[in-house]
Amino acid sequence: GVAQGGAMSGPEVAAQLNDDTYYDFEARLVAPADIDSVDELAAFDVIILGDSGSNDDGYTLAMATALREWVVDAGGAVVGAGWIDYSLTDNEIDQTLDDVLVIDAAPYHYNFCGGQTTITIDTGEPHPITDGLPNAFTLTTSSNVEYTHLPADHDDIVVLASASGAACNDPSPRHVISAGPLGNGRGVYLGLLYMARTSYNNGDLRSGVPDQLLEQAVAWAAQGGGVGPRADGGE
């Protein structure tokens, strides 16, 4: 499920997942009211969260509370995409949503790279999310990439990639992809602006390497284990 609020690119994210021929996803756009109980969430394997870049996600406390129970206790999964860190502050909704993200997203703080940004994969221990991707790739049109410089929420969460560019905020490190367990469930953070409004020129995320990254992240989050690399090269 792609949780849409405000002026996000939820329809574009759902379309690129449904266009995949390797994993055969069935992505559906959902409003916060569609997933504000564990019973409603039981129809999904993964929920994707984000923000348009205007702090207008529209997520509710009922949705956040249900997500936390669904992930931590029932084994669900959340993929948080940029600007999710920017959108979470220190209210009760955001503190609850922080519990279903693998980054320390609340209280409020965020960092980003502006302009052309390069994503460098950690070449240490292989991970299914980044398996088959080049060691580094540069986004061609996206005007920003979100990252966090804070340590992961716990030791079982791994940082899979960092961001760099001429217009990146300090401080570093610039963790842009992270993944790991959250209780009985799983979480992934992708700082790429998959869910941001289209004025961020994020059309470059809908094909090629960024598309493959998103799809492998969703497949892994859905308890896919060793899901990659995709044999179709990103189609």
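The set of residues in the stretch 165-178 that are surrounded by fewer than 18 Cβ atoms within 10 Å (Cβ to Cβ) and over 11 Å from GLY115 (Cβ atoms) comprises ASN169, ASP170, PRO171, SER172, PRO173. Take GLY75 and tell me if it is over 17 Å from the mean Cα position of the chain (by Cα), touching a residue at least 24 places away in the same chain (Cβ under 8 Å) and at positive phi. Against the criterion (over 17 Å from the mean Cα position of the chain (by Cα), touching a residue at least 24 places away in the same chain (Cβ under 8 Å) and at positive phi), GLY75 qualifies.
Summed over the stretch 109-139, the residues that are of a type outside the set (A, V, I, L, M), under 18 Å from ILE84 (Cβ atoms) and touching a Leu at 6+ places or on another chain (Cβ under 7 Å) give a count of 1.
Residues that are of a type in the set (Ser, Thr, Tyr), out of contact with any helix residue (DSSP H, G or I) (no Cβ under 9 Å at 6 or more places or on another chain) and either outside any strand (DSSP E or B) or under 26 Å from GLY1 (Cα atoms) (or both) within the stretch 163-195 comprise SER172, SER178, listed in sequence order. Of the residues making up the stretch 107-117, just one is more than 16 Å from the chain's Cα centre (by Cα) and among the hydrophobic types (A, V, I, L, M, F, W, C), namely CYS113. Which one is farthest from GLU69 (Cα to Cα) among residues in the stretch 15-37 that are aliphatic (A, V, I, L, M) and open to solvent by 10 Å² or more (accessible area, probe 1.4 Å)? That would be ALA15. Listed conditions (1) in contact with a strand residue (DSSP E or B) (Cβ under 8 Å, 6 or more places away or on another chain); (2) more than 27 Å from ASN135 (Cβ to Cβ) are all met by VAL79, apart from (2). A Cβ distance below 9 Å, combined with a sequence gap of six or more or placement on separate chains, defines the contacts here; from the stretch 38-51, residues that are closer than 17 Å to ASP99 by Cβ reach residues that are crowded, with 21+ Cβ neighbours inside 10 Å and among the basic types (Lys, Arg) in the pairs VAL46/ARG186. Against the test of being within 21 Å of GLU215 (Cα to Cα) and either outside any loop (DSSP other than H, G, I, E, B) or among the acidic types (Asp, Glu) (or both), the options ASP45, ASP39 yield a single qualifying residue, ASP45. Checked against the criteria, GLY80 counts as in contact with a Leu (Cβ under 9 Å, 6 or more places away or on another chain) and of a type in the set (Gly, Ala, Ser).
The values are calculated or read from the model by the stated rules, or taken from the named source; none is laboratory data. Because the structure is predicted, anything quoted here is derived from the model rather than measured. Using ideal geometry, Cβ is built from the backbone for each residue, glycine included, and neighbour counts are taken over all protein chains shown. Areas reflect the complete protein model, heavy atoms only, side chains present, ligands, DNA and RNA absent. Shrake-Rupley method; radii C 1.70, N 1.55, O 1.52, S 1.80 Å.
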